[in-house]
Amino acid sequence: MKQLKIRGLHRDLGYFYIGLIISFATSGILMNHRDSWHAEKYTTESKLVVIKVPSEDSITDEWAENLGKKLELNDNFRRQRVDDDELRISFEKNDIDIDMKTGKGEITTFIKTPIISQMMKLHKNSSNWWIYYGDIFGLSLITIALTGAIMIPAGKFSFKNRGWKLALAGIIFPLIVLFLLG
């Protein structure tokens, strides 16, 4: 009887969360590679520009927002930063990249990729209700993992005989990677 309840809980949680598991897994894979390919958006236009760049201390959010207006970008300013002699100004639908030494740069206009950009928001969303839903989802994944581990009856492939070794390896492997990267 207990085995049937565990199996049912495992099955039903798995069914309930299948869409979210697939969305999180897919967007997680895409986010892992966002430095080489930004799946969340795609470029629709690219335009070269040359501007007179002020000193780095003069570059403020207000200055960056005004530059966007001068360049006729009808877009909402998000942020600006200078990194390794390159100025990056981000708007909702445009990015401006300028070489601080030469003033030469590029305006890139982009559009959010349908479906993929919404899935990737799942990893970035920080609204209160989503945080709590995410916590419930995390606890449910733990429940799915534990019920899956104890569902197999005693025998050669049970958790007691074999599964615990694989589970331990699954815990140790990311710890080793974190230790090597740290």
>> I'd like the full set of residues that are touching a strand residue (DSSP E or B) at 6+ places or on another chain (Cβ under 6 Å) and surrounded by 15 or more Cβ atoms within 10 Å (Cβ to Cβ), limited to segment 12-48.
In response: K41
>> Among (1) exposed (fewer than 15 other Cβ atoms within 10 Å of the Cβ); (2) modelled with pLDDT of 90 or more, there is one condition N94 misses while meeting the rest; what is its number?
In response: (1)
> Mind checking which pairs have a first residue in segment 129-141 that is at negative phi and a second that is of a type in the set (F, W, Y), Cβ under 8 Å, 6 or more apart or different chains?
Replying inline: F137/Y17; S140/F16; S140/Y17; L141/Y17
> Among the residues of segment 14-59, how many are under 29 Å from L139 (Cβ atoms) and of a type in the set (S, T, Y)?
Replying inline: 5
> Quick check, is G68 within 30 Å of I6 (Cα to Cα), open to solvent by less than 80 Å² (accessible area, probe 1.4 Å), in a helix (DSSP H, G or I) and not polar (S, T, N, Q)?
Replying inline: no
>> If I filter segment 139-171 down to residues being assigned to a helix (DSSP H, G or I), among the polar types (S, T, N, Q) and modelled with pLDDT under 90, which single residue comes out as surrounded by the most Cβ atoms within 10 Å (Cβ to Cβ)?
In response: T147
> So how many residues does segment 71-84 have that are surrounded by 11 or more Cβ atoms within 10 Å (Cβ to Cβ) and more than 26 Å from the chain's Cα centre (by Cα)?
Replying inline: 2
> Looking at (1) of a type in the set (A, V, I, L, M); (2) surrounded by 15 or more Cβ atoms within 10 Å (Cβ to Cβ); (3) within 24 Å of D85 (Cα to Cα), can you tell me which one L9 breaks?
Replying inline: (3)
>> So T109 passes all but one of these: (1) more than 20 Å from the chain's Cα centre (by Cα); (2) surrounded by 15 or more Cβ atoms within 10 Å (Cβ to Cβ); (3) at pLDDT below 90. Which condition number does it fail?
In response: (3)
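Determine if segment 42-53 includes at least one residue that is within 24 Å of the chain's Cα centre (by Cα), among the hydroxyl-bearing types (S, T, Y) and modelled with pLDDT of 90 or more.
Within segment 42-53, not a single residue is within 24 Å of the chain's Cα centre (by Cα), among the hydroxyl-bearing types (S, T, Y) and modelled with pLDDT of 90 or more.
The values are calculated or read from the model by the stated rules, or taken from the named source; none is laboratory data. The model shown is predicted, which means the values in this text are computed figures rather than measured ones. FYI the Cβ positions are ideal-geometry reconstructions off the backbone, even for glycines, and counts take in every protein chain you see. These area figures cover heavy atoms from the full protein model, side chains too; ligands, DNA and RNA do not enter into them. Shrake-Rupley method; radii C 1.70, N 1.55, O 1.52, S 1.80 Å.
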